[in-house]
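Below is one structure; the comments refer to it alone.
The values are calculated or read from the model by the stated rules, or taken from the named source; none is laboratory data. These numbers come from a predicted model, not from an experiment. Because the Cβ atoms are built from the backbone with ideal geometry, glycine has one as well, and the counts that use them run over all protein chains shown.
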């Protein structure tokens, strides 16, 4: 782990947004587990692939696709989502890139380099539901995203583990 930190510190000597953009850019394999927040056993398991492709000097287009399997029924559903990540200093803003919210801000994060995490600077509110996520940089080729969704009808915890292809 110390070697990862040293390599990362060398990489970040330049502009932080360039480092973050380079870190995420490329193809990633996704493993996602969805929990009801009050339970330890999974509600659903998803596997897929995500691509971060360069849009310009400071932004990436994120596209993910895969298959979600519900544990209780065994039913499988395809999923697809797209966002635009915009990097500025030690911040990243994520915008919807599909659906009726396309172009609207979804989340905003700040880089805490010492702890290797991106922490939310705002919450995403969708009707009565609140979405919060934290990115943990596990290594130079893996990250984990933990998302909590809370509201009157939703109480989920989603853990996504991404490994560079």
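Whether a residue is within 24 Å of residue 55 (Cα to Cα) and touching a helix residue (DSSP H, G or I) at 6+ places or on another chain (Cβ under 6 Å) was assessed, and residue 87 passes this test.
The set of residues from segment 99-120 being surrounded by 13 or more Cβ atoms within 10 Å (Cβ to Cβ), in contact with a strand residue (DSSP E or B) (Cβ under 6 Å, 6 or more places away or on another chain) and not in a strand (DSSP E or B) comprises just one member, 116. Would you check which residues across segment 73-97 are in contact with a strand residue (DSSP E or B) (Cβ under 9 Å, 6 or more places away or on another chain), surrounded by fewer than 17 Cβ atoms within 10 Å (Cβ to Cβ) and not in a strand (DSSP E or B) and list them? Within segment 73-97, 75, 89 meet the criteria. Against the list (1) closer than 26 Å to residue 35 by Cα; (2) without any contact (Cβ under 8 Å) to a residue 40 or more places away in the chain; (3) over 13 Å from the mean Cα position of the chain (by Cα), the condition residue 96 fails is (3). Any residue at all in segment 63-72 that is outside any strand (DSSP E or B), in contact with a strand residue (DSSP E or B) (Cβ under 7 Å, 6 or more places away or on another chain) and closer than 19 Å to residue 118 by Cβ? No, there is no match, as no residue in segment 63-72 is outside any strand (DSSP E or B), in contact with a strand residue (DSSP E or B) (Cβ under 7 Å, 6 or more places away or on another chain) and closer than 19 Å to residue 118 by Cβ. The number of residues in segment 2-41 that are within 20 Å of the chain's Cα centre (by Cα), surrounded by fewer than 16 Cβ atoms within 10 Å (Cβ to Cβ), closer than 30 Å to residue 156 by Cα and at pLDDT below 95 comes to 2. When residue 127 is tested against (1) surrounded by fewer than 16 Cβ atoms within 10 Å (Cβ to Cβ); (2) modelled with pLDDT of 90 or more, only condition (2) is not met.
Restricting attention to segment 58-93, the residues that are over 16 Å from the mean Cα position of the chain (by Cα), farther than 19 Å from residue 27 by Cβ and free of Cβ contacts under 8 Å to residues at least 24 places away in the same chain add up to 5. So is residue 52 surrounded by 17 or more Cβ atoms within 10 Å (Cβ to Cβ), at pLDDT 95 or above and in a strand (DSSP E or B) or not? Yes; evaluated as a whole, the condition is true for this residue. Of the residues making up segment 130-165, those that are without any contact (Cβ under 8 Å) to a residue 40 or more places away in the chain, surrounded by 15 or more Cβ atoms within 10 Å (Cβ to Cβ) and more than 21 Å from residue 115 (Cα to Cα) are 131, 149, 154. Taking segment 17-39 as the range and being closer than 15 Å to residue 146 by Cα and in a loop (DSSP other than H, G, I, E, B) as the test, only 37 passes.
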